[in-house]
Every structure is written in C-alpha cells, then in structure tokens.
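The values are calculated or read from the model by the stated rules, or taken from the named source; none is laboratory data. Remember, predicted model here, so these are calculated numbers, not experimental data. Note that each Cβ is placed from the backbone with ideal geometry, even for glycine, and that neighbours are counted across all protein chains shown. Surface accessibility is based on the protein's heavy atoms, side chains included, excluding ligands, DNA and RNA. Shrake-Rupley method; radii C 1.70, N 1.55, O 1.52, S 1.80 Å.
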Amino acid sequence: MRVTVYAGSSPGVSSVYAEEAAAFARELAEGGHEIVYGGGSRGLMGVLADAALVAGGRVTGVIPRSLYEAEVAHLGLSELHVVDTMHERKDLMARLGDCFVALPGGLGTVEELFEVWAWLILGHHGKPVTVLNTDGYWDGLLDLVGGIACAGFMRPDESASLVPLAKAADLFALCAAWQPPPPRWA
Ligand code: AMP
C-alpha cells in the first residue's frame, strides 16, 4: 500500500510529535508500505521520511520547484518528484496514495487534509482519509467537524468519514474494512 502523509514543516513545541511521527513511519515501513509526502527535510516531514528510510522503507517526495530550497528538499529519498506548482503537488500526492493520513501540522497540512477529504465527500476518489491524533492534537478539529454535522451542514456519515487513528495498525484495519460514504450528490 502507498500511504500519502501530510505533516508539518515545523516540529511543534513538544517532542511527542516527532516521537509519534517516527513511530508511525517505522510501523509503515516495517509493514512493507510506501510513504508519499511533501518531500521536505524539515519539521515532522523530515522526521517521518528519515524514520521510514532508516527502517528500510520506500519514501517518495513531491515538492514544487518554488519550495525546493525554502523547504529544503530531502535528497536521500527513494524518489523525488519536482513539480511546477502547489496544485500539481497536491494532485500527484492524491493520485499516488491508496489512503491519506494527516500528522500534526500547520495551515499547509490542514489545507491539504481538507482538500483531499472534500474530494472523498464529493466522490472524486473513494480512499480513506484519516488523522493521526497524536496527544489529542486533532481533537479541536474533530469537534468542529462533529458540530458541522450537528448543525445540518454535513451528513453524519460524511463527518464520520474523517477517521482518527492512534497508530499505524488502526490504518491497516481501517483500509481492510473500508467503505467510502455515498457521494454527496448520489
Ligand atoms: P505546514 O503544515 O504549514 O507546516 O505545511 C506543510 C506543508 O503543506 C508544506 O510543505 C507546505 O508547503 C504545504 N502547503 C500546501 N498548501 C499550503 C498553504 N495553502 N499554505 C501553506 N502551506 C501549504
């Protein structure tokens, strides 16, 4: 399986973010799964890639030319796609992955997560979309999503289609049993 991972270009204030990102990457690599990510060497993105590579995993990066230097592209990856725009990056990352996971991150991570999740709800793909809820990092977002459904702006099965994970094994179990929600306009 190819797992597309979105993650912060910063490390966050607590070492727990890096520890859990590394443990998650190792579990994926040891299970024989490939990681697709944004191709940077900084922050949780770099921690994720390094941990998977050390564990013998295959890691593919996708980085826009304009961010190659700013995000310090990781030069030790199994494969690095340098694309022209942020839109191409997000499109390729979405096409390459069999499922999606957001680790803790900032605006970029949230934006990438919401786009790929919106595409699931609109029926553009049928692949699982998840968040690794390290130390309750995504609790506020999950509460917001629940509130959106309670207020009638999203179906309950749509809100439940964003799945929190505690560890990589939860992702494997989810993918084995995965049923996408019916598309919004079906
Ligand atoms: P961040 O979570 O803000 O540290 O960003 C994680 C990754 O998302 C970085 O590789 C950013 O280049 C990327 N990204 C994608 N879309 C955006 C956006 N609209 N704003 C900021 N970063 C973005």
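A compact table of results
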{"quantity": "Neighbour net charge for Met1 - beta-carbon separation under 9 angstrom, K R +1, D E -1", "calculated": "-1"}
{"quantity": "Total formal charge among the other residues, if their Cβ is under 10 angstrom from that of Glu20, Lys/Arg +1 and Asp/Glu -1", "calculated": "-1"}
{"quantity": "Residue-count net charge about Lys90 - beta-carbon cut-off 9 Å; Lys, Arg +1, Asp, Glu -1", "calculated": "-4"}
{"quantity": "Amide H partners (placed H, <5 Å) of Trp178, local residues excluded", "calculated": "none"}
{"quantity": "Share, in percent, of DSSP beta bridges within the stretch 31-154 that are antiparallel, nearest 5", "calculated": "10 percent"}
{"quantity": "Whole-number accessible area per residue in Å² for the stretch 59-186, which is evaluated in the context of all protein chains at 1.4 Å", "calculated": "49 Å²"}
{"quantity": "Loop-located GluC sites (Glu not before Pro) in the stretch 1-108, at most 14 other Cβ atoms within 10 Å (DSSP)", "calculated": "Glu69"}
{"quantity": "Placed amide H near Val163: partners under 5 Å, 5+ positions off or other chain", "calculated": "Val129, Thr130, Val131"}
{"quantity": "Under Karplus coefficients 6.51, -1.76 and 1.60, residue-wise ³J(HN,Hα) of the stretch 145-154 in Hz, glycine/proline x", "calculated": "5, x, x, 4, 5, 4, 7, x, 9, 7"}
{"quantity": "Per-residue HN-Hα couplings for the stretch 72-83 [Karplus 6.51, -1.76, 1.60; θ = phi - 60°; Hz; x = Gly/Pro]", "calculated": "6, 3, 6, 9, x, 7, 5, 7, 10, 8, 9, 10"}
{"quantity": "Shape of the stretch 1-123, Cα gyration tensor, a/c cut at 1.5", "calculated": "rounded"}
{"quantity": "The chain, relative contact order in percent, only Cα pairs under 8 angstrom and at least six apart counted", "calculated": "22 percent"}
